Amino acid sequence: MKLQIALDLLRTRDALLLLGKVAPYVDIIEIGTPLVKAEGLAVLRAIKTAYPEKELFADYKTMDAGELEATMAFEAGADSVGVLALANDATIAGAVKAGHTYQKRVVADLIGVPPQNRLSRISELKDLGVSHVELHAGLDEQSLPGYSIVDLLKTISGSVLPFAVAGGINASTIVTVRDAGAEVAIVGGGIYGAEDPQDAARRLRSAIK
Ligand SMILES: O=C(CO)[C@H](O)[C@H](O)COP(=O)(O)O
């Protein structure tokens, strides 16, 4: 299983400072939605220039104009881009088309897809040419009483596509995520919010070695 850091920060400078401490422990660098909204395409260019050997994921959460937004991210250096699974099929198909054009990856983010609909939506996404999905409880959902990553993981069992998982993963839950069959564990707050982000990243990496 790969480890992806979600840079849900607001400044490129802070993202680069954090990466200076944690990059050796992660496989994929995610430009988080707040960061890309705050800094635009320049942050993709800056981080790809600094870490050309790392896969760069742009968390665009695209809901419309799939081909255009995916193209923008790919041209700025992203290796993969996120489109919302809730978007219209035409939006998904547009992002997939850009993925084929640039030979890069499109990940459909299942955030907001009701649990009972997830597996059927994944099948539809596969038919649309999507190769990877993200099982995702967002920051607001995680803050609700009773949120459990174990319950989240139950809803992906039987997926016909490889999946990443995001939803408040930390060093004590990452093994459960791996054992559920995830291809990628995405960690944001569990690293950037830790007292010692480098130590947190090191622990996450060693837990899944
Ligand atoms: O996309 C996101 C929120 O919409 C986050 O990047 C994702 O949830 C990972 O962060 P965390 O580990 O803090 O949940």
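Just so it is clear, none of the values below were taken in a lab; they were calculated from the coordinates. Remember, predicted model here, so these are calculated numbers, not experimental data. Cβ: placed from backbone, ideal geometry, glycine included. Neighbour counts: every protein chain shown.
Summary table
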item: Residue match in region 112-126 (condition: crowded, with 18+ Cβ neighbours inside 10 Å and under 21 Å from ALA6 (Cα atoms)); result: yes
item: From ARG202, ARG105, residue being surrounded by 15 or more Cβ atoms within 10 Å (Cβ to Cβ) and without any contact (Cβ under 8 Å) to a residue 60 or more places away in the chain; result: ARG105
item: Region 154-209: number of residues that are of a type in the set (Ser, Thr, Tyr), over 30 Å from SER123 (Cβ atoms), more than 16 Å from the ligand (Cβ to nearest atom) and part of a loop (DSSP other than H, G, I, E, B); result: 0
item: Extreme residue, surrounded by the fewest Cβ atoms within 10 Å (Cβ to Cβ), among residues of region 136-153 that are in contact (Cβ under 8 Å) with a residue 24 or more places away in the chain and away from the ligand (no atom under 13 Å from the Cβ); result: VAL150
item: One residue from LYS54, LYS48, LYS97, LYS61 being surrounded by 14 or more Cβ atoms within 10 Å (Cβ to Cβ) and in contact (Cβ under 8 Å) with a residue 40 or more places away in the chain; result: LYS61
item: Those helices (runs of 4 or more DSSP H) lying entirely in region 1-72 with at least 1 residues within 13 Å of the ligand (Cβ to nearest atom); result: 12-22, 33-39
item: Subset of region 92-132 [within 14 Å of the ligand (Cβ to nearest atom) and either more than 16 Å from the chain's Cα centre (by Cα) or not charged (D, E, K, R) (or both)]; result: VAL107, ALA108, LEU110, ILE111, GLY112, VAL113
item: Count - residues of region 144-153 that are among the aliphatic types (A, V, I, L, M) and assigned to a loop (DSSP other than H, G, I, E, B); result: 1
